[in-house]
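Take a look at the structure set out below.
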Amino acid sequence: MMDSGDAEFFGPPLLFFHGFLGAPSDWDSTLRALVQRFGIPETHLKCIDFTHIPELSSNHSLELWGAQFSKFLLNNYPELLAKKPLLVGYSMGARLALYSYFANPNIWTGLVCISGHPGLAESTSPEGLHARNSRWASDSSWSQRFLLEPWSELMNSWNQQSVFSGDHLPLPKFDRDPGVSERKIYSKCLSNWSLAHQKDFRPQILKNFRRILWVVGEMDAKFSIVAKELKQENDNFDVAFIKNCGHRIHLSHPAELAKLLQIFMGKLNDVPSNSR
């Protein structure tokens, strides 16, 4: 990577959450584009491996994880936290980012959700109850499969899910069985951080729309619908659709994603500090 130096850059640092089964290295191509094409110094780019940090254990609920994350940053990266980072999350990482952001909005410059879900309708409505029960049945089944099923068969089934059908790139193979301990972590992520347990963030998202960017691939059928619904509720909400792109945006279109991040940071400079 090319280090552009800190002197010419006055924007916030960017903090990245990978997705389920992911790793910080998933962001390498996006970070390279931010450094080489847009002059953002490497020192302003930090990726968090949330599946391997004891303080951020998948044994935590979503609410506790979100509350704990700012404490983790304060204890481990106080200089970064002092600069009010822009929080960027992909898929499951986007959902964790929602909890982190709204646990304490004032410590962040903004939030970018990539292929994220704002939350199902609350279970107080029949539709919400049905959706949450259906999702829990799916996630709890996957959680058990991650404990018991032969790895190669499991990964083949995982990659064949409809949510990835719009991805035009070689599917991650995850050839090596990670072992019992790692499988338990993945299983807990699926059960404790299931979308069935996530609150519906739509009201908070739309209220704080000036500091949030929502990014989806136009060929990601499920998440495009969710994004369009958010846009319909507030036409001023910043939703970006990447052409010829599926769910795994950061892997298939890193340059386009980096450009969107750079543009969004420019917009944030014009947002009043009290509009959160």
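Brief remarks follow.
- Stretchable slack from Asp175 to Lys199, in nm (0.36 nm times residue separation minus alpha-carbon distance): 5.2 nm
- Whole-Å distance, taken between Cα centres, linking region 52-130 and region 24-39: 22
- Between region 165-232 and region 146-164, the Cα center-to-center distance that results, in Å: 17
- Debye log10 I(q)/I(0) at q = 0.12 Å⁻¹ for region 1-123, Cα point scatterers: -0.43
- Inter-probe distance in nm under a simple model that places probes 7 Å from Cα toward Cβ, at Ser61 and Ile185: 2.4
- Kyte-Doolittle at least -1.0, axis length at least 27 Å by Cα - qualifying DSSP helices, the chain: 126-148
- Region 183-276 - Debye-derived log10 I(q)/I(0), Cα point model, q = 0.18 Å⁻¹: -1.00
- Among Leu154, Leu80, Leu111, residue whose mean-square fluctuation peaks in a GNM of the chain (springs only between Cα atoms under 10 Å): Leu154
- Bins of 10 Å, starting at 0 and running to the largest distance - Cα pair percent for the chain: 6, 29, 38, 22, 4, 0
- FRET efficiency, 1/(1 + (r/R0)^6) with R0 30 Å, evaluated for Lys83 and Lys222 via beta carbons: 0.30
- Placing +1 on the Cβ of every Lys and Arg and -1 on the Cβ of every Asp and Glu, with nothing else charged, gives the chain a dipole about its Cα centre of roughly 420 debye.
- Taking only the C-alpha atoms of region 134-192, the Rg (one decimal) and the largest Cα-Cα distance, Dmax (whole number), read 11.9, 32 Å.
- Distance between the pseudo-spin-label points of Ala255 and Gln36 (7 Å out from Cα toward the beta carbon): 1.0 nm.
- The shape of region 104-245 comes out prolate: with a ≥ b ≥ c from the C-alpha gyration tensor, a/c is at least 1.5 and a/b beats b/c.
- Ser123 paired with Ala23, simple spin-label distance in nm, labels 7 Å along Cα-to-beta-carbon: 3.6
- Whole-number D in µm² s⁻¹ for region 46-107, Kirkwood Cα-pair radius fed into Stokes-Einstein, 25 °C, 0.890 mPa s: 209
- Modelled FRET efficiency - R0 35 Å, His130 with Asn244, Cβ distances, 0.05 increments: 0.55
A short reminder: the numbers here are calculations on the coordinates, not readings from a lab. Predicted model, so just to flag it, every value in this text is computed and none were measured. Cβ sites come from the backbone with ideal geometry, for glycine too, and all protein chains shown count toward neighbours.
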